[in-house]
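Everything below concerns the one structure shown next.
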Amino acid sequence: MARRALLAFLALPGIVAIAVPAWMAAGALRAGGRVYPVGLPLLLTGFALLVWCAREFHVAGKGTLAPWSPPRHLVTTGLYRFSRNPMYVAVTLMLSGWALAFASWTIAIYAGFVMGAFQLRVVYGEERWLARTHGAAWDEYRARVPRWLV
């Protein structure tokens, strides 16, 4: 199970929130850009929150963040007490940190597209699956906890 969780982490947020923006940041540096420390706290905070959320999926949910091995139990602990989607919030923080740290409009635009994809995936995919899978427990959780932060 731990191997599947690590693989899922590397395959999904590892690519979206680390590999792609790092590649874009490298391009910005090659074009004469520089690193602005103001973005680093967001990037590091987002990463720490992402790891925490992935851990909750593994420990409390008995699954991974991957659609091919989702949690078997509805995760409502940790950061999931404050947001139904803290993993996506964490990735958004990371992407914002990358954009600020490298003063990159390319990364900022990428972040906007990723955020739009998150909204579509959550509303039209995940929430429907959670309702079918967890029934009343999902309804109670959804009524109590906001989708994002508010």
Residue in the range 61-69 that is within 16 Å of Ala19 (Cα to Cα) and within 13 Å of the chain's Cα centre (by Cα) present: no
Suppose we filter the range 75-84 for residues that are free of Cβ contacts under 8 Å to residues at least 60 places away in the same chain and in a loop (DSSP other than H, G, I, E, B); how many remain? 2
Right, Leu120: surrounded by fewer than 19 Cβ atoms within 10 Å (Cβ to Cβ), at negative phi and part of a helix (DSSP H, G or I) or not? yes
Considering the range 123-150, residues that are assigned to a helix (DSSP H, G or I) and hydrophobic (A, V, I, L, M, F, W, C), and then whichever is nearest to the chain's Cα centre (by Cα), we arrive at Val123
Which residue pairs have Cβ atoms closer than 9 Å, lie 6 or more positions apart in sequence or on different chains, and pair a first residue in the range 54-71 that is more than 18 Å from Val89 (Cβ to Cβ) with a second residue that is among the aromatic types (Phe, Trp, Tyr) and at pLDDT below 85? Thr64/Phe9; Ala66/Phe9
Residue list for the range 23-33, filter: closer than 17 Å to Val114 by Cβ and open to solvent by 40 Å² or more (accessible area, probe 1.4 Å): Trp23
Report, by residue number, each residue of the range 118-136 that is in contact with a helix residue (DSSP H, G or I) (Cβ under 9 Å, 6 or more places away or on another chain) and among the aliphatic types (A, V, I, L, M). Val122, Leu130, Ala131
Residue match in the range 63-77 (condition: closer than 24 Å to Val145 by Cα, basic (Lys, Arg) and open to solvent by 40 Å² or more (accessible area, probe 1.4 Å)): yes
Being within 13 Å of Phe9 (Cβ to Cβ), of a type in the set (Ser, Thr, Tyr) and in a helix (DSSP H, G or I) is the filter here; which residues of the range 28-69 pass it? none
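Residue-wise test of (1) touching a Leu at 6+ places or on another chain (Cβ under 8 Å); (2) modelled with pLDDT of 95 or more.
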{"residue": "Phe47", "(1), (2)": "no, yes"}
{"residue": "Ala66", "(1), (2)": "yes, no"}
{"residue": "Pro70", "(1), (2)": "no, no"}
{"residue": "His73", "(1), (2)": "no, no"}
{"residue": "Leu79", "(1), (2)": "yes, yes"}
{"residue": "Ile109", "(1), (2)": "no, yes"}
{"residue": "Val123", "(1), (2)": "no, no"}
{"residue": "Ala131", "(1), (2)": "no, yes"}
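Results for (1) touching a Cys at 6+ places or on another chain (Cβ under 7 Å); (2) open to solvent by 60 Å² or more (accessible area, probe 1.4 Å); (3) touching a residue at least 24 places away in the same chain (Cβ under 8 Å), shown as yes or no for each residue.
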site: Leu42; (1), (2), (3): no, no, yes
site: Pro86; (1), (2), (3): yes, no, yes
site: Ala99; (1), (2), (3): no, no, yes
site: Tyr110; (1), (2), (3): no, no, yes
site: Val114; (1), (2), (3): no, no, yes
site: Tyr124; (1), (2), (3): no, yes, no
site: Arg142; (1), (2), (3): no, yes, yes
site: Trp148; (1), (2), (3): no, yes, yes
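The values are calculated or read from the model by the stated rules, or taken from the named source; none is laboratory data. None of these values were measured; they are calculated from a predicted model. Cβ coordinates were reconstructed from backbone atoms using ideal geometry, including for glycine residues, and neighbour counts include every protein chain displayed. Surface areas here come from the heavy atoms of the whole protein model, side chains and all, with no ligands, DNA or RNA. Shrake-Rupley method; radii C 1.70, N 1.55, O 1.52, S 1.80 Å.
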